[in-house]
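The values are calculated or read from the model by the stated rules, or taken from the named source; none is laboratory data. Predicted model only: the values in this text are computed from it and were never measured. Don't worry about glycine lacking a Cβ; one is built from the backbone with ideal geometry, like all the others, and counts go over all protein chains shown. When the accessible area is computed, the model is the full protein with side chains, heavy atoms only, and any ligands, DNA or RNA have been set aside. Shrake-Rupley method; radii C 1.70, N 1.55, O 1.52, S 1.80 Å.
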Amino acid sequence: MTVCLLAICLVCSGLLAGVYALTKGPIDAAAKAKNEAAIKEVLPETAVTIEEERTVEYNGGTYTYNLAYDEKGEVVGCAINVIPVGFGGPIIIKVGFDKNGIIWNTKVLSQAETPGLGAKCVEPAFSEQFKGWNPAEKKLSVKKDGGDVDAITASTITSRAYAEGLAVATNVLCAIAGTPMLLDSATGASPSPEDASAESSEVETSK
Amino acid sequence: MGKFQLITKGLIKENPTFVLLLGMCPTLATTTSAINGMSMGLATLFVLVLSNMAISLTAPYIPDKVRIPSYIVIIATFVTLLQFVMQAYVPDIYETLGLFIPLIVVNCIVLGRAEAFANKNGVLDSALDGLGIGLGFTCSLTVLGLVREILGSGSAFGFKFIEGDGILAFVLAPGAFLALGYLIVIFKKLTSKKAE
């Protein structure tokens with residue numbers, strides 16, 4: 001009986017180890033290609049070389065980002081990953097800034113929001129509004145909370161999370177550049193700023 | 001029972017969703033759109049065929065007392081294999097279904113077929129049984145997903161034909177129960193007429 005179970009487990013784990021070894025390459029390659037495509041998408045077209053991923057500490061959390069350079073080797077932008085917590089779990093957003101600290105574009109890398117509601121955050125109708133957004137001039141929180149972000153209908157939690165993620169990214173950018181924080185409260189859009197930022201940094205570090 | 005009937009019985013007479021009411025958890029959770037339902041059904045189909053074959057081959061050697069843990073290990077292995085392969089070659093589909101793939105392990109259809117069919121029948125019959133039940137599951141999930149998508153988001157297979165939102169409740173959990181309930185009624189009505 002025991003021998004039989006043991007044998008089955010051995011064969012199965014052997015099989016899994018084999019397939020894991022075989023698929024590890026393609027899985028990593030697919031993830032890398034996806035990441036690079038996303039970086040290109042959120043940064044100006046003049047970005048030709050993308051630097052290796054770097055990390056930065058901000059507000060107790062670790063954030064990853066990539067710097068991008070143009071042909072002359074000058075910095076054209078910076079793509080930062082933020083992971084705010086939405087309605088259905090963490091939303092991974094890549095936020096691209098140009099060299100003036102203005103949001104060039106944003107892209108959702110992964111989300112588990114409700115289809116038909118919060119999942120609309122990936123659609124241009126919502127995300128296009130952040131193109132060319134200057135965080136110094138427009139407030140990154142939903143209109144319901146006194147900000148400038150047009151929320152998705154019936155998905156305030158997702159919209160808040162998105163805006164909060166962008167606000168965090170703005171401050172992370174300041175941390176990278178070594179300038180004073182641009183926004184007073186990174187999580188101004190969240191109903192409970194402390195919790196939200198603690199949660200998102202938790203997710204970040206556990207990755 | 002003929003080979004052909006092994007496949008067709010899973011579609012109508014023993015349809016896992018509308019007749020046996022098995023695997024309700026992934027059924028309700030993944031059918032928020034037609035594509036999601038169909039992908040879930042196909043993933044289950046794949047696991048079902050392979051696990052049925054493996055179990056019909058190994059069943060004679062597995063002592064009765066440890067058969068359930070053995071089946072679970074075998075099923076879990078195939079699910080994990082599927083996960084690796086999908087992640088490597090179809091990362092986009094994997095992304096949409098990611099959360100639900102591990103759920104196939106505890107899907108009672110897979111274990112149910114292992115217990116009820118595969119461990120008493122030959123490899124070919126078991127594979128066909130898995131194929132039939134899997135196809136039945138895929139079709140049901142696609143139909144349920146399609147109904148919910150049309151009513152809830154005003155689109156079908158991702159193509160929007162109504163501007164704006166549908167009846168949002170149908171995308172959420174209550175709509176899943178409602179749509180499933182009415183589909184079972186319709187299915188019963190259609191199949192009972194056929195029997196007469």
Restrict the search to the stretch B:109-187; then list the GluC sites (Glu not before Pro) that DSSP places in a loop and that have at most 12 other Cβ atoms within 10 Å of their Cβ. B:GLU163
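Using only helices, what value at 222 nm comes out for chain A when you add -39,500 (n - 2.57) per DSSP H run of length 4 or more and divide by the total residues, to the nearest 500 deg cm²/dmol?
Details: 4 runs with 81 residues, N = 207.
Helix contribution divided over all residues of chain A: -13500 deg cm²/dmol.
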Return the long-range amide H neighbours of A:VAL76 (sequence gap of 5 or more, or a different chain), with a cut-off of under 5 Å between placed amide H atoms. A:ALA68, A:TYR69, A:ASP70
Counting only protein heavy atoms, what percent of the accessible surface of the protein assembly as shown is carbon or sulfur at a 1.4 Å probe? 64
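What's the average, rounded to a whole number, of partner chain beta-carbon atoms within 10 Å of each residue's beta-carbon in B:59-66?
Counting Cβ atoms of other protein chains within 10 Å of each residue's Cβ and averaging gives 3.
In debye, nearest 20: dipole of chain A around its Cα centre with unit charges on the Cβ of K, R (+) and D, E (-)? The partial results should precede the final answer.
Details: 17 positive and 26 negative charges, 86 e Å.
Magnitude of the dipole: close to 420 debye.
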proj_area_mean for the stretch B:51-148 (convex hull on C-alpha atoms), units nm², value 6.8
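For n ≥ 4 DSSP H runs only, could you compute -39500 (n - 2.57) per run for chain B, divide by its residues and tell me the 222 nm figure to the nearest 500? Don't jump to the answer; show the numbers that get you there.
Working: 8 runs with 134 residues, N = 196.
Mean residue ellipticity, 222 nm, calculated: -23000 deg cm²/dmol.
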Could you give the radius of gyration (one decimal) and Dmax (whole number) of the Cα atoms in the protein assembly as shown, in Å? 24.8, 80
Between the residues A:GLY89, A:SER110, B:ALA116, the Cα farthest towards the positive end of the dipole of the protein assembly as shown, that dipole coming from +1 and -1 charges on the beta-carbon of Lys, Arg, Asp and Glu, is from B:ALA116
If I model chain B as equal point scatterers sitting on the Cα atoms and use the Debye formula, what is log10 I(q)/I(0) at q = 0.11 Å⁻¹? -0.51
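Just the number, please: buried accessible area between A and B, total of both chains, 1.4 angstrom probe, nearest 100 square angstrom.
Between A and B, the summed buried area is about 2000 Å².
For peptide B:75-85, compute the average count of partner chain beta-carbon atoms within 10 Å of each residue's beta-carbon.
Details: counts 1, 2, 9, 3, 0, 5, 7, 1, 2, 9, 5.
Going residue by residue through B:75-85 and averaging, the value is 4.
Computed FRET efficiency, Cβ-Cβ of A:MET1 and A:THR55, R0 51 Å: what is it to the nearest 0.05?
Details: r = 50 Å, r/R0 = 0.98.
So, using R0 = 51 Å, E works out to roughly 0.50.
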So, for the Cα atoms of chain A, Rg and Dmax in Å stand at 19.7, 71
Neighbour-limited loop hits for trypsin sites (Lys or Arg not before Pro), the stretch A:46-107 (at most 10 other Cβ within 10 Å; DSSP other than H, G, I, E, B): A:LYS72
For A:TYR58, other-chain or 5+-apart residues with amide H closer than 5 Å (H placed, Pro excluded) are A:TYR63
Looking only at other chains, what is the average number of their beta-carbon atoms within 10 angstrom of each beta-carbon in A:101-114? 1
Just how far, in whole angstrom, is the stretch B:25-69 from the stretch A:27-95 if you go by their alpha carbon centroids? 38
Scan the stretch A:18-110 for GluC sites (Glu not before Pro) in coil per DSSP, keeping those whose Cβ has at most 15 other Cβ atoms within 10 Å, and list them by number. A:GLU45, A:GLU51, A:GLU52, A:GLU53, A:GLU71, A:GLU74
The farthest towards the positive end of the charge dipole of chain A, of the residues A:ILE50, A:ILE152, A:ALA167, given +1 on Cβ of Lys and Arg and -1 on Cβ of Asp and Glu, is A:ILE152
Set A:LYS24/A:LYS94; A:LYS34/B:LYS160; A:LYS99/A:LYS144; B:LYS3/B:LYS193 screened for pairs whose C-alpha atoms are more than 32 Å apart: none
Among B:THR17, B:LEU144, B:ALA179, pick out the residue whose Cα is farthest towards the positive end of the charge dipole of the protein assembly as shown, where Lys and Arg carry +1 and Asp and Glu carry -1 on C-beta, about the Cα centre. B:THR17
